[in-house]
Amino acid sequence: MSLAVTGGLLAGEKVGLRAEEGLIVELGPDVEPRPRDDTLDAGGAILVPPLINGHTHAAMTLFRGHGDDLPLMRWLQEKIWPVERRLEPEDVYWGTRLACLEMARSGTTRFWDMYWHPEAAARAVRDAGIRATVAAPLIDVEGGGEALREAALRSIDALTESGACDRVDIGLAPHAIYTVTEASLRWIAELSAERGLPVQIHLSETEQEVTDCLAAHGVRPAHYLDRVGLLSPRTVLSHGTWLDDSELELIALRGAVVVTNPVANLKLAVGRVFPYPRARAAGAQVGLGTDGPGSNNALDLFADMKLLALLQKHEARDPAVISAEETWEIATGRRAPLLGATQGLEVGEPADFLLLRADAPELSFGELPAALVYAASGAVVQSTVVAGRPVMRDRQVEGSEEVLARALERARRLGLALA
Ligand SMILES: [Zn+2]
């Protein structure tokens, strides 16, 4: 399969692009479509790399708006967990398909997912045409860890058999240090090292987590995670809002990634802003995530990107503390290679990119990074291309009506839909 894009704009210059077998093979002012190419007329649209959502629970689109405005534990115990116990793989499949649809429409082409029935999520990602690293949440608060070990190995087998493809990677997702025993965390670290699997874990989201960790283990969360062998170049830490300097330095030293989720942190009122300037000074890799649509409640990463920049400026009382360009780099995964960004729009790289409407007023003035971060929303995305295949073409995503209808049907079954 090959694709030719004509009439695009790159760094102010007119360009065309050709992709074959998922890779960019030509890029420049004189690129012409070949007879068998699928063609996409950019019509003057701006070519940019796509966004990467470093942390979400995609199928929770079904839970959107269910029990908002409650404290975290009440929300989980009263609203989420009782329904999650009744979840079937088809619920996860259609919830994730809806998430993929929303992400494609707002320029995200890859995400890191932690949710039940991950093989159903993987199938959804494969069918939607985008990319993800998927993992089952591993939880183990009592017992000898056999159940967790079985669940982990079962999810890897199920993903290998039915869900994985060259766009879907398999991961491990211990839920948090307070929901998994020390022995199980050590076992997960060994499994990750043995099989080269990436690990995602919620870390240092609340002050309570830090206090409890100090009381139970005598050290702060990142030091504890290092002690059990889980701080490695394969580790993605979600949140990190309460990390201190010594933890950020250790994270940088071990080559792990912190994914900040500013919208979810504010909505759940975690009481602190992720110390980004300190993370940067320590040399830690940083990415951006939405967290689940149950606690955000949107998947348009343009909104999270703007909030990240504004929140950091406000917290530092310094508008220069983070620039639009730097924010864009974080949101496109360029500051954390583990998240899976390509090297950019270059020959030989995967053909993953966005075409943005150059006639959108949000993008028509001033400098592009500022326009993208402070003015734009996902609505400026005209077309989204993944591995040389347009998953959205001129705002149209194939099968979108069915995806929304089926997701609503599943939400109704769970008693979650509005109507
Ligand atoms: Zn989360």
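Could you please find all residues in segment 371-396 being surrounded by 17 or more Cβ atoms within 10 Å (Cβ to Cβ) and of a type in the set (A, V, I, L, M)? Within segment 371-396, Ala371, Leu372, Val373, Ala375, Ala376, Val380, Val381, Val385, Val386, Ala387, Val391, Met392 qualify. The criterion of at least 3 residues that are of a type outside the set (Gly, Ala, Ser) and in contact (Cβ under 8 Å) with a residue 60 or more places away in the chain is met by the following strands (runs of 3 or more DSSP E) wholly inside segment 90-170: 108-114.
In this structure, does Val134 turn out to be of a type in the set (Val, Ile, Thr) and open to solvent by less than 10 Å² (accessible area, probe 1.4 Å)? Step through it out loud before you land on a result.
Numbers: of a type in the set (Val, Ile, Thr): yes; open to solvent by less than 10 Å² (accessible area, probe 1.4 Å): yes.
Yes, satisfied.
So which residues in segment 351-370 are surrounded by 15 or more Cβ atoms within 10 Å (Cβ to Cβ) and under 20 Å from Glu326 (Cα atoms)? Residues satisfying the conditions are Phe353, Leu354, Leu356, Glu362, Leu363, Leu368, Pro369, Ala370.
Out of curiosity, is Glu90 of a type outside the set (Lys, Arg), over 17 Å from the mean Cα position of the chain (by Cα) and surrounded by fewer than 24 Cβ atoms within 10 Å (Cβ to Cβ)? Judged against the criteria, Glu90 is a match. Report, ordered by the first and then the second residue, all pairs with beta carbons closer than 9 Å, sequence separation of six or more or different chains, a first member in segment 321-333 that is at pLDDT 95 or above, and a second member that is acidic (Asp, Glu). Short answer, once both residue conditions are applied: Val321/Glu315; Ala324/Glu367; Glu325/Glu367; Ala331/Asp304.
Set side by side, the residues His55, His66 differ, and just one is within 13 Å of the ligand (Cβ to nearest atom) and either closer than 30 Å to Gly12 by Cβ or touching a residue at least 12 places away in the same chain (Cβ under 8 Å) (or both), which is His55. Where residues in segment 229-243 are farther than 13 Å from Arg186 by Cα and assigned to a loop (DSSP other than H, G, I, E, B), which of them is farthest from the ligand (Cβ to nearest atom)? Taking the candidates together, the pick is Pro233.
Any chance segment 181-200 includes a residue that's assigned to a loop (DSSP other than H, G, I, E, B), within 16 Å of the ligand (Cβ to nearest atom) and either surrounded by fewer than 24 Cβ atoms within 10 Å (Cβ to Cβ) or among the polar types (S, T, N, Q) (or both)?
Let us first name the residues in segment 181-200 that are assigned to a loop (DSSP other than H, G, I, E, B), namely 181, 196-198.
Checking the rest, the ones that are also within 16 Å of the ligand (Cβ to nearest atom) come to 198.
Restricting the remaining residues to those that are either surrounded by fewer than 24 Cβ atoms within 10 Å (Cβ to Cβ) or among the polar types (S, T, N, Q) (or both) gives 198.
Scanning segment 181-200 turns up at least one residue that is assigned to a loop (DSSP other than H, G, I, E, B), within 16 Å of the ligand (Cβ to nearest atom) and either surrounded by fewer than 24 Cβ atoms within 10 Å (Cβ to Cβ) or among the polar types (S, T, N, Q) (or both).
Residues in segment 247-265 that are away from the ligand (no atom under 16 Å from the Cβ), within 23 Å of Val180 (Cβ to Cβ) and surrounded by fewer than 24 Cβ atoms within 10 Å (Cβ to Cβ): Leu248, Leu250, Arg254, Gly255. Suppose we filter Gly348, Gly399 for residues that are under 20 Å from Asp166 (Cα atoms), of a type outside the set (A, V, I, L, M, F, W, C) and exposed (fewer than 14 other Cβ atoms within 10 Å of the Cβ); which single one remains? Result: Gly348 is the single residue among Gly348, Gly399 that is under 20 Å from Asp166 (Cα atoms), of a type outside the set (A, V, I, L, M, F, W, C) and exposed (fewer than 14 other Cβ atoms within 10 Å of the Cβ). Just one of the listed residues (Gly12, Gly7, Gly16, Gly28) is free of Cβ contacts under 8 Å to residues at least 40 places away in the same chain, open to solvent by less than 20 Å² (accessible area, probe 1.4 Å) and at positive phi, and it is Gly28. Quick check on my filter: what residues within segment 201-219 are touching a Lys or Arg at 6+ places or on another chain (Cβ under 9 Å) and open to solvent by 70 Å² or more (accessible area, probe 1.4 Å)? Glu207, Leu214 - these are the residues of segment 201-219 that are touching a Lys or Arg at 6+ places or on another chain (Cβ under 9 Å) and open to solvent by 70 Å² or more (accessible area, probe 1.4 Å).
Would you tally the residues in segment 201-225 being part of a helix (DSSP H, G or I) and in contact with a Leu (Cβ under 6 Å, 6 or more places away or on another chain)? Can you show your working first?
The first filter runs over segment 201-225 and keeps only residues part of a helix (DSSP H, G or I), leaving 207-217, 221-225.
The next check asks that each one be in contact with a Leu (Cβ under 6 Å, 6 or more places away or on another chain); those that pass are 221-222, 225.
Looking only at that region, the number is 3.
Return the total of residues in segment 344-367 being out of contact with any strand residue (DSSP E or B) (no Cβ under 7 Å at 6 or more places or on another chain) and closer than 16 Å to Ala11 by Cβ. Adding up the residues that qualify gives 3. Could you tell me whether any residue of segment 57-65 is farther than 30 Å from Arg357 by Cβ, of a type in the set (Val, Ile, Thr) and open to solvent by less than 20 Å² (accessible area, probe 1.4 Å)? Among the residues of segment 57-65, not one is farther than 30 Å from Arg357 by Cβ, of a type in the set (Val, Ile, Thr) and open to solvent by less than 20 Å² (accessible area, probe 1.4 Å), which makes the answer no. Kindly check whether there is at least one residue in segment 154-173 that is open to solvent by 60 Å² or more (accessible area, probe 1.4 Å) and in contact with a helix residue (DSSP H, G or I) (Cβ under 8 Å, 6 or more places away or on another chain). Checked segment 154-173: at least one residue is open to solvent by 60 Å² or more (accessible area, probe 1.4 Å) and in contact with a helix residue (DSSP H, G or I) (Cβ under 8 Å, 6 or more places away or on another chain).
The values are calculated or read from the model by the stated rules, or taken from the named source; none is laboratory data. Just so it is clear, the structure is predicted and the values come from calculations on it, not from any experiment. Cβ coordinates were reconstructed from backbone atoms using ideal geometry, including for glycine residues, and neighbour counts include every protein chain displayed. These area figures cover heavy atoms from the full protein model, side chains too; ligands, DNA and RNA do not enter into them. Shrake-Rupley method; radii C 1.70, N 1.55, O 1.52, S 1.80 Å.
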